[in-house]
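**Student:** Structure in structure tokens, see below.
The values are calculated or read from the model by the stated rules, or taken from the named source; none is laboratory data. Since we're looking at a predicted model, the values are computed, not measured. Here the Cβ positions follow ideal geometry from the backbone for every residue, glycine too, while neighbour counts run over all protein chains shown. The area values use the complete protein model at the heavy-atom level, side chains included, leaving out ligands, DNA and RNA. Shrake-Rupley method; radii C 1.70, N 1.55, O 1.52, S 1.80 Å.
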Amino acid sequence: FVMTMCLSQPQFEKLAAAIERPELLDDARFAQPRARFTHYNELMALTEAWSRTRSTDEVMAVLSGAGLPCGRYRHLADLKDDAQLHYRAMLTEVMDGAGPLTAPNSPFLFSATHAAVKPEVARLGQH
């Protein structure tokens with residue numbers, strides 16, 4: 001799976017070209033940002049129909065090559081060895097009654113506030 005979202009007019013124009021649907025530029029359902037929002041599911045269905053005929057790598061190459069924000073959907077198990085996520089402390093080890101567990105951490109990093117998962121899971125009845 002690949003995730004993408006086009007918010008601006010230039011992004012929409014790039015998406016229409018990338019999915020080989022230039023006629024969408026003249027489609028009233030997608031002519032303005034508010035109309036695209038109203039018909040967002042339709043636009044994503046058209047994008048999905050295009051993507052189903054390609055591999056994830058191909059879709060990523062086309063969308064990112066067009067300058068569109070996109071990302072490959074990954075499961076937590078796929079992320080456990082990702083160097084960037086470890087560098088940003090996005091994965092952390094917590095302890096619970098069954099032993100250590102890798103868990104996603106808070107995506108927010110602040111200079112003066114520590115926002116993170118606690119290192120130990122509360123025991124039943126602890127609070």
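**Student:** Given a 1.4 angstrom probe, what's the average accessible area per residue across the chain, in square angstrom?
**Tutor:** With the other protein chains kept in place, the chain gives 72 Å² per residue.
**Student:** When the chain is treated as a GNM, springs tying every alpha-carbon pair under 10 Å, which of H75, H86, H114 comes out with the largest mean-square fluctuation?
**Tutor:** H114
**Student:** Quick one: Karplus J couplings for the range 23-37, per residue in order, coefficients 6.51, -1.76, 1.60, θ = phi - 60°, nearest Hz, x for Gly and Pro?
**Tutor:** Residue by residue, the range 23-37 yields 5, 5, 5, 9, 7, 4, 5, 10, 5, 10, x, 5, 5, 5, 5 Hz.
**Student:** Measure out, as a whole number of angstrom, how far apart the alpha-carbon centroids of the range 1-62 and the range 102-126 sit.
**Tutor:** First find each Cα centre; the distance between them is then 37 Å.
**Student:** Of the accessible area of the chain, with the probe set at 1.4 angstrom, what percent is carbon plus sulfur?
**Tutor:** 58
**Student:** On to the next question. Please report, in Å, the Rg and the Dmax of the range 55-127, where both are computed over Cα atoms only.
**Tutor:** Reported Rg and Dmax, both Å: 16.8, 53.
**Student:** How big is the accessible area of M90 in square angstrom, nearest 10, if you roll a 1.4 angstrom probe over the protein chains?
**Tutor:** M90 has an accessible surface of roughly 30 Å² with all protein chains in place.
**Student:** Calculate the translational D of the range 1-66 in whole µm² s⁻¹ from Stokes-Einstein, where the hydrodynamic radius comes from the Kirkwood formula applied to all Cα pairs, the temperature is 20 °C and the viscosity 1.002 mPa s.
**Tutor:** Taking Rh from Cα pairs, D becomes 180 µm²/s.
**Student:** Taking trypsin sites (Lys or Arg not before Pro) that fall in a DSSP loop and have at most 14 other Cβ atoms within 10 Å as cut points, what is the longest piece of the chain between them?
**Tutor:** For trypsin sites (Lys or Arg not before Pro) (loop position, at most 14 other Cβ atoms within 10 Å), the longest site-free span of the chain is 1-51.
**Student:** Under the rule of at least 5 residues apart or a separate chain, name every residue whose amide H is placed under 5 Å from the amide H of L91.
**Tutor:** Result for L91 returns N105.
**Student:** With a cap of 12 neighbouring Cβ atoms within 10 Å, and only residues DSSP puts in a loop, list the chymotrypsin sites (Phe, Trp or Tyr not before Pro) found in the range 22-74.
**Tutor:** Y73
**Student:** Quick one: accessible surface of M95, probe radius 1.4 Å, all protein chains present, in square angstrom to the nearest 10.
**Tutor:** 80
**Student:** Quote to one decimal, in nm, the extra length available between E48 and R72 on full extension: 0.36 nm per residue of separation minus the C-alpha distance between them.
**Tutor:** Here the segment from E48 to R72 would lengthen by 7.3 nm.
**Student:** Estimate the FRET efficiency between K118 and A98 by the formula 1/(1 + (r/R0)^6), using the beta-carbon distance for r and 22 Å for R0, to the nearest 0.05.
**Tutor:** 0.85
**Student:** Given the whole protein assembly as supplied and a 1.4 Å probe, what does the accessible area of D57 come to in Å², nearest 10?
**Tutor:** Surface accessible to solvent at D57 totals approximately 100 Å².
**Student:** Would you kindly work out the equivalent ellipsoid of the chain from its C-alpha gyration tensor and give its semi-axes, the square roots of five times the eigenvalues, largest first in whole Å?
**Tutor:** That gives 40, 17, 14 Å for the three semi-axes.
**Student:** Rounded to the nearest 500, what is the chain's calculated 222 nm mean residue ellipticity when only DSSP H runs of at least 4 contribute -39500 (n - 2.57) each, over all residues?
**Tutor:** Roughly -10000 deg cm²/dmol at 222 nm, from the helical runs in the chain.
**Student:** Pull out the extension gain between F110 and S64, defined as 0.36 nm times the separation in residues minus the alpha carbon to alpha carbon distance; nm, one decimal.
**Tutor:** The F110-S64 span can extend by a further 13.7 nm.
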